[in-house]
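One structure below.
The values are calculated or read from the model by the stated rules, or taken from the named source; none is laboratory data. Everything numeric in this text was worked out from a predicted model, so none of it was measured. Methodologically, a virtual Cβ is constructed for each residue, glycine included, from the backbone with ideal geometry; neighbour enumeration extends over all protein chains shown.
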Amino acid sequence: MLLIAHSSKKDSLRIEANNSLFFIEVNSNLEQSKKYFQAIFKIAQQQHSAYANAKAFNLKGVYFDYKGNLDSAFYCYQQAIQYARKAKTIAVEGSAFNNIGLLYWNKSNYYQAIVSYSKALKIFEKTNKREYQANVLSNIGLIYDDIEEDEKAKQYLEKSLQIRKTINDEYGLSVSYINLAKILEKQGHHLQALSNYDKGIALKRKMNDLLGLAVGNHNKAMALLSVKRYDEALNCLKEAEEICLKNNAESNILENVYLGYINVYLATNNLSKSNEYNEKMYLVTQKTKDQQRLSEYFQFKSKIAFMEGRYKEAYSFKIKSDSIHKIVEGLDLKKAINLYEAKYQSEKKEKELFKTKNELFQRENESKQKSFWLIIISLAALFVALVGMMIYRQQCLKNKQQQQEFELKNAIQAIENQNQLQEQRLTISRDLHDNIGAQLTFVISSIDNLKYGTKITDSTINAQLTRINEFTKSTIVELRDTIWAMNKPELTVDDLYSRIVNFIEKAKSATSAIQFQFYIEDELKKLHFSSIIGITIYRTIQEAVNNAIKYAEASAIHICVQHKDDMIQIEVSDDGKGFDKDSVELGNGIQNMLQRMEEIKGQCIIYSELDGGTRVVIQIPLNLL
């Protein structure tokens, strides 16, 4: 390719060769890459070629972009667009618009970035460069991800993925699968996310893209952590760590891997392993001087100490973390003051020079002298304002730290109070189980002995004993449900789901003719609420199902738990005979359901009509949970 770039008689071949060599060199030796677009500029000058100028300005813009001279890069891209239009080479025009989009993205000007990307996409759609279309679509998707527009991000990333599948772009596919997996993970579609991570990682492995493989494994590990597949997450992190250590990966990748280990081991309550990897992360921060990571190191030290009950050490580490965080926040202010100081010294030298000239031209420069002093006064005022701002910021940080210390102390006290309350709840539940539960069991046993041990001929007495026996058994079930709720400081919808399923299974055994269906949205299963609200909801559902079994003459009973607007809605419906609410006196069971919901500030609504079945709708606002 070097031979073609230097000796080919065809200008077009020399331009393309220099273009390719630039992109090979730019990542490894930025300054050396200049010679390739300079060679193309030389061809443009010799041949008066608009096409060569378009290519050269586009590459020069990339060079300035890499150097961080964004204004110069923007100018070069604009020149590339003008020359590309003259040469009618739409591929270069599209590339320049794509590069301008990257500039705006780096400046967080998302609107202008998408405008530029859209122009590039329209241009590339007119060409056969489908890989360029895929790149632009991917970039647009990532911008929508940045601004939390997950659905739009997903749409564009999927379009990019489909194109890359069509042209079998393995590297592009590996990137698309991993980017799409991140969006799916954010939306809570964990299984789909993991499937996409697996596809992306497989391609990274096939191409031997080791650093990409390490990043992909870290991202997959975090997705596995979300679904509590801890062993698989650790395997992914282990491979990522080995790749980083063998290939001298960028320290930020290794730090992310160690952070992944810490979070997995914290989730599994393995505090010693969490601490081990936190110390490994600390060693990396010592090399990189990464103050933000150092602050996170002490945050984890505080959290581990807190979980181990070492509250004083937790408090000490929290203070260190906050102190480092203050330093990080103060860096920008220090830079501003240093810049001001340099400017002030420069102005001071100008002042001395002005005084020297003023001795020679005092009358002519009188107005200039007044203007100068006005500038000095303004600068002094600015300096005072900056110092005042710094003092005010320091005071705010101090107040924030004191507030955090107060909150930590309150949290420690709250935990101690919660532990004491939980111990009391456990003691009461044990007493209920060991004393009242045992006594009720004895009553059942005594009734059975009385019924079957003696010959009772009176059917009324036999029926009465049977009712007492059934009532006592029912009381034991109620007692067990109460103990179940008391043994937990809080419940999840998933806990409630398991309890209701058990209740339905028992109901099925007693009423085999009725079909039961129970649906609950997956997103609600991890929702937490107090044990009081939990047992109230359970009792209300239980009452609604019992009513349907006893009175409705139904063939099917449905229970549905879903999120609706700003509340949880639970619906128990049957296809039974129903009843006329206006002509039927409501029994104790229904009154109990209404009262229970009122006590927890929820709502119970009953819909029924003759031969139309019955619906019991329970609504609990989310802000009460």
Filtering region 574-625 down to residues that are within 18 Å of A556 (Cβ to Cβ) and either outside the structural domain of I532 (by TED's automatic domain parsing) or among the polar types (S, T, N, Q) (or both) yields S608, T614
Output for region 187-219, where each listed residue is crowded, with 17+ Cβ neighbours inside 10 Å, over 18 Å from E170 (Cβ atoms) and touching a Ser or Thr at 6+ places or on another chain (Cβ under 9 Å) | H190, A193
What residue, of N135, N139, is in contact (Cβ under 8 Å) with a residue 40 or more places away in the chain and out of contact with any strand residue (DSSP E or B) (no Cβ under 7 Å at 6 or more places or on another chain)?
-> N139
Count of region 206-215 residues which are touching a Lys or Arg at 6+ places or on another chain (Cβ under 6 Å) and closer than 8 Å to A240 by Cα = 1
Helices (runs of 4 or more DSSP H) wholly inside region 14-97 containing at least 2 residues that are closer than 27 Å to L137 by Cα | 50-67, 70-87
Does I549 count as surrounded by 13 or more Cβ atoms within 10 Å (Cβ to Cβ) and either assigned to a helix (DSSP H, G or I) or touching a residue at least 60 places away in the same chain (Cβ under 8 Å) (or both)?
-> yes
Can you name the residue in region 42-63 that is surrounded by 19 or more Cβ atoms within 10 Å (Cβ to Cβ) and hydrophobic (A, V, I, L, M, F, W, C) and, of all such residues, is nearest to Q82 (Cα to Cα)?
-> A54
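Yes/no matrix, rows are residues, columns are (1) surrounded by fewer than 15 Cβ atoms within 10 Å (Cβ to Cβ); (2) in the same structural domain as Q32 (by TED's automatic domain parsing); (3) more than 24 Å from A44 (Cα to Cα):
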{"position": "D65", "(1), (2), (3)": "no, yes, no"}
{"position": "C76", "(1), (2), (3)": "no, yes, no"}
{"position": "I90", "(1), (2), (3)": "no, yes, no"}
{"position": "A96", "(1), (2), (3)": "no, yes, no"}
{"position": "Y111", "(1), (2), (3)": "yes, yes, yes"}
{"position": "L121", "(1), (2), (3)": "no, yes, yes"}
{"position": "L137", "(1), (2), (3)": "no, no, yes"}
Hits in region 552-563 (condition: part of a strand (DSSP E or B) and buried (at least 19 other Cβ atoms within 10 Å of the Cβ)) | I557, I559, V561
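Rundown of residues vs (1) assigned to a loop (DSSP other than H, G, I, E, B); (2) in contact with a Leu (Cβ under 8 Å, 6 or more places away or on another chain), yes/no style:
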site	(1), (2)
L121	no, yes
N128	yes, no
Y132	no, no
V136	no, yes
G141	no, yes
E151	no, no
Q162	no, no
